[in-house]
Amino acid sequence: MKRALGFVKRAPGFPMLWIGGLTAAGIMIVTGGFGTIAMPLGQRSLFWALLMGWSCIKWQLWFAATVRKHSDWFWAAMLGAIILCLPLPLEIRLFVRMVGIEAEVGDPFGTWGRALAIGAVVFGAILLMLFATGHLRFGRRKARTAPAEGLLERARVAAETLAAIEAEDHYCRVRRRDGSDALIHYRFGDALAEVTGFDGQQVHRGAWIAQGAVAGAVREGRRWHLLLGDGTKVAVSATHLPQVRARGWLRGR
């Protein structure tokens, strides 16, 4: 359960996707959209909760599989609007029966049209949330006139003062050698690419430390932790332990 919750929190689109889905579900419940006004309120609420909840799960998995950088968002959303809408007619019939209503199978083209309309509602809510939070940008003029800043520029950290970079969900905490730090919305994979030429070592799937920033090391159970100058502990994973040991960082305080 903890691993599943951790995956959801780290997956691209969370929590904007779920906020958009819940908003769309609330609107459909209140307005009785797409002919559901004839359903009793309880069944209508359950139907839309099931349909939108399942749609959010599909979108979350889709974004986790397709989004790696900001430029991926638009095309992932466009393709998802087509691919993820394909099974919607069957899902609508399934959820209608699950709430206890025996619906007749209507015109397949009409069902598909309603499915596309529902998908458009979800798609629009997702695009709106992504645009509002800066995950999605339209146009190219800004990219041409104002090149994107790197992590260190955004954090205002000089290369010689950099101590460590740690991933925290969709953010990176950039630590300075004087003990101060900055939390920046940034992908850890992109941060690693930025410090490729720096003298340092990735010590965990979500942590990188600069050479000279390690003040010591302690072992807690089976796991090693490196100590920074301000006393911050950074865990070392078994995968990166050989490289860390080769640098001589495990020689105690």
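The values are calculated or read from the model by the stated rules, or taken from the named source; none is laboratory data. As the structure is a prediction and not an experimental result, all values here were calculated from the model. Here the Cβ positions follow ideal geometry from the backbone for every residue, glycine too, while neighbour counts run over all protein chains shown. Just so you know, the surface numbers come from the protein's heavy atoms only, side chains and all, with ligands and any DNA or RNA stripped out. Shrake-Rupley method; radii C 1.70, N 1.55, O 1.52, S 1.80 Å.
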Enumeration of residues in region 29-54 that are of a type in the set (A, V, I, L, M), part of a helix (DSSP H, G or I) and open to solvent by less than 80 Å² (accessible area, probe 1.4 Å): ILE29, ALA49, LEU50, LEU51, MET52
Residue that is surrounded by the fewest Cβ atoms within 10 Å (Cβ to Cβ) [pool: residues in region 154-171 that are touching a residue at least 24 places away in the same chain (Cβ under 8 Å) and part of a loop (DSSP other than H, G, I, E, B)]: ARG156
Search result, residues across region 227-253 that are within 19 Å of CYS172 (Cα to Cα) and touching a helix residue (DSSP H, G or I) at 6+ places or on another chain (Cβ under 7 Å): VAL236
Pairs with Cβ under 7 Å, 6+ apart, first in region 77-99 and touching a residue at least 24 places away in the same chain (Cβ under 8 Å) and among the aliphatic types (A, V, I, L, M), second open to solvent by less than 70 Å² (accessible area, probe 1.4 Å) and not in a helix (DSSP H, G or I): VAL96/ALA103
Residue in region 177-188 that is under 18 Å from ARG68 (Cβ atoms), assigned to a helix (DSSP H, G or I) and under 26 Å from the mean Cα position of the chain (by Cα) present: yes
Region 192-201: number of residues that are in contact with a helix residue (DSSP H, G or I) (Cβ under 9 Å, 6 or more places away or on another chain) and open to solvent by 50 Å² or more (accessible area, probe 1.4 Å): 2
Selection from region 217-253 of residues that are β-branched (Val, Ile, Thr) and in contact with a Leu (Cβ under 7 Å, 6 or more places away or on another chain): VAL218, VAL234, VAL236, VAL244
Search result, residues across region 84-105 that are open to solvent by 40 Å² or more (accessible area, probe 1.4 Å) and either of a type in the set (D, E, K, R) or at pLDDT below 65 (or both): ARG93, ARG97, GLU102, ALA103, GLU104, VAL105
Cβ pairs under 6 Å, 6+ apart, first in region 16-45 and at negative phi, second hydroxyl-bearing (Ser, Thr, Tyr) and part of a helix (DSSP H, G or I): ILE29/SER45; ARG44/THR36
Leading residue by the ranking (nearest to ASP178 (Cα to Cα)) among those in region 226-237 that are under 27 Å from the mean Cα position of the chain (by Cα) and of a type outside the set (A, V, I, L, M): THR232
Top-ranked residue in region 202-215 [being open to solvent by 30 Å² or more (accessible area, probe 1.4 Å) and in a strand (DSSP E or B); ranked as nearest to THR161 (Cα to Cα)]: VAL214
Enumeration of residues in region 216-241 that are within 15 Å of THR161 (Cβ to Cβ) and surrounded by fewer than 18 Cβ atoms within 10 Å (Cβ to Cβ): GLY229, ASP230
Matching residues in region 56-83 - criterion: being more than 22 Å from HIS170 (Cβ to Cβ) and buried (at least 16 other Cβ atoms within 10 Å of the Cβ): ALA81
